[in-house]
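Working notes, beginning with the structure itself.
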Amino acid sequence: MGNNLFIAVEGTDGSGKSTQTKLLADRLQAGGHKVYQTFEPTDGHIGKLLRSILKGQITADQTAIAAMFLADRLDHLTHPTNGLLRKLEEGYTVITDRYYFSSYAYHSMYVDMDWVIACNKACADMLRPTATLYIDVPPAICMQRIQATREGTELYERADLLEKIHANYQTAFDKLATEETVYQINGNRPVADVANDVWARVEACCK
Ligand code: TYD
């Protein structure tokens, strides 16, 4: 792997992280970077299965769901043509909308967080983000945004769950403070202001 950046963008549902991921990718591209923008759950076979579970079309045990997200991530990492490792080797700056911190925050509602972290160690050993950018928005605001913009809500898009996920992110960041580089960005501001802070963090990583 070369020295190019691997950035993970994290946040609760409704935090605006997908918007920020896109704006960051556009800005890097405009600056001459060769950018590969991607997301989890992926659009591969396992990712599609996960999306059916998130929509409530298929039911599954929460431990099995956590393991499926891990399988999807391993596939995301190692896929011979579209894999993160491959793209980095090819010289891309890679930006992913969600990575393993999502698993720590979401699945620890139902299964032990340390177990989720241990299961994902293979991913951390293979590829740790240069930086994880966490778009921090109060759960009540996220819920308002979800209700205003989405047609149907998904499995984890409930006010009480968002509170837990928000708290779990903080627990995970504290637990892994020595191993991971995490920047928390106040996402409860106009999109352009958040984007400028995201950019400042990434620019500093480029130096
Ligand atoms: P999201 O990233 O908001 O994508 P979209 O914009 O397509 O709705 O939704 C993905 C959902 O998957 C979100 O509720 C979080 C959940 N998730 C997990 O539970 N575990 C994981 O490891 C990942 C990557 C996502």
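The values are calculated or read from the model by the stated rules, or taken from the named source; none is laboratory data. Values in this document were obtained by computation on a predicted structure and should not be read as measured data. As a convention, Cβ positions derive from the backbone with ideal geometry for all residues, glycine included, and neighbour counts pool all protein chains shown. The area values use the complete protein model at the heavy-atom level, side chains included, leaving out ligands, DNA and RNA. Shrake-Rupley method; radii C 1.70, N 1.55, O 1.52, S 1.80 Å.
The distance separating the Cα centre of segment 64-92 from that of segment 1-55 comes to 12 Å. Within the listed set ALA122, ALA67, ALA148, the residue fluctuating most in the Gaussian network model of the chain (springs between alpha-carbon atoms under 10 angstrom) is ALA148.
The value of relative contact order for segment 41-176, using C-alpha pairs under 8 Å at least six residues apart, is 26 percent. Lysine pairs in segment 6-205 whose alpha-carbon atoms fall under 22 angstrom of each other, counting only those eight or more residues apart or on distinct chains, come to 14.
Note on SER18 and TRP115: the model spin-label points, each 7 Å out from Cα along the C-beta direction, lie 3.0 nm apart.
If you plug the beta carbon distance of ASN196 and ARG145 into 1/(1 + (r/R0)^6) with R0 = 22 Å, you get a FRET efficiency near 0.65. Taking each residue as 0.36 nm, the span from CYS206 to ALA167 lengthens on full extension beyond its C-alpha to C-alpha distance by 11.0 nm. Accessible surface for the chain, divided over its residues, is 47 Å² per residue with a 1.4 Å probe.
Subtracting the Cα-Cα distance of ARG158 and ASP61 from their residue separation scaled by 0.36 nm leaves 33.1 nm.
Under the simplified labelling scheme, the ALA177-ASP26 pair shows an inter-label distance of 3.6 nm, with each label point 7 Å from Cα along Cα→Cβ. Using a cut-off of 12 Å between beta-carbons, work out the net charge of the residues near GLN57 (Lys and Arg +1, Asp and Glu -1, GLN57 not included). So the environment of GLN57 carries a net charge of +2. Rg and Dmax of segment 1-132, both derived from C-alpha coordinates alone, stand at 14.7, 44 Å. Which one, GLY44, THR21, GLY32, projects farthest toward the positive side of the charge dipole computed for segment 10-66 from Cβ point charges (K/R +1, D/E -1)? So the residue furthest toward the plus end is GLY32. Only one residue of THR181, ALA140, SER103 has its Cα farthest out toward the positive end of the dipole of segment 75-190, where Lys and Arg carry +1 and Asp and Glu -1 on Cβ, and that residue is ALA140. First select every other residue whose beta carbon is under 14 angstrom from the beta carbon of GLU163; then total the charges, Lys and Arg +1, Asp and Glu -1. After counting each charged neighbour, the total is -2. Note on the chain: GNM, Cα springs under 10 Å; of THR59, THR38, THR171, the largest mean-square fluctuation is that of THR59.
What is the magnitude of the charge dipole of segment 1-123 about its Cα centre, with +1 placed on the Cβ of each Lys and Arg, -1 on the Cβ of each Asp and Glu, and no other charges, expressed in debye to the nearest 20? Working shown, then result.
Working: 12 positive and 13 negative charges, 65 e Å.
Approximately 320 debye in magnitude.
Calculated from DSSP H runs of 4 or more alone, at -39500 (n - 2.57) each and per residue, what is the 222 nm mean residue ellipticity of the chain, nearest 500?
-16500 deg cm²/dmol, from helical runs alone.
Computed in the context of the full set of protein chains, the accessible area of the chain at 1.4 Å probe radius has 51% of its extent on carbon or sulfur.
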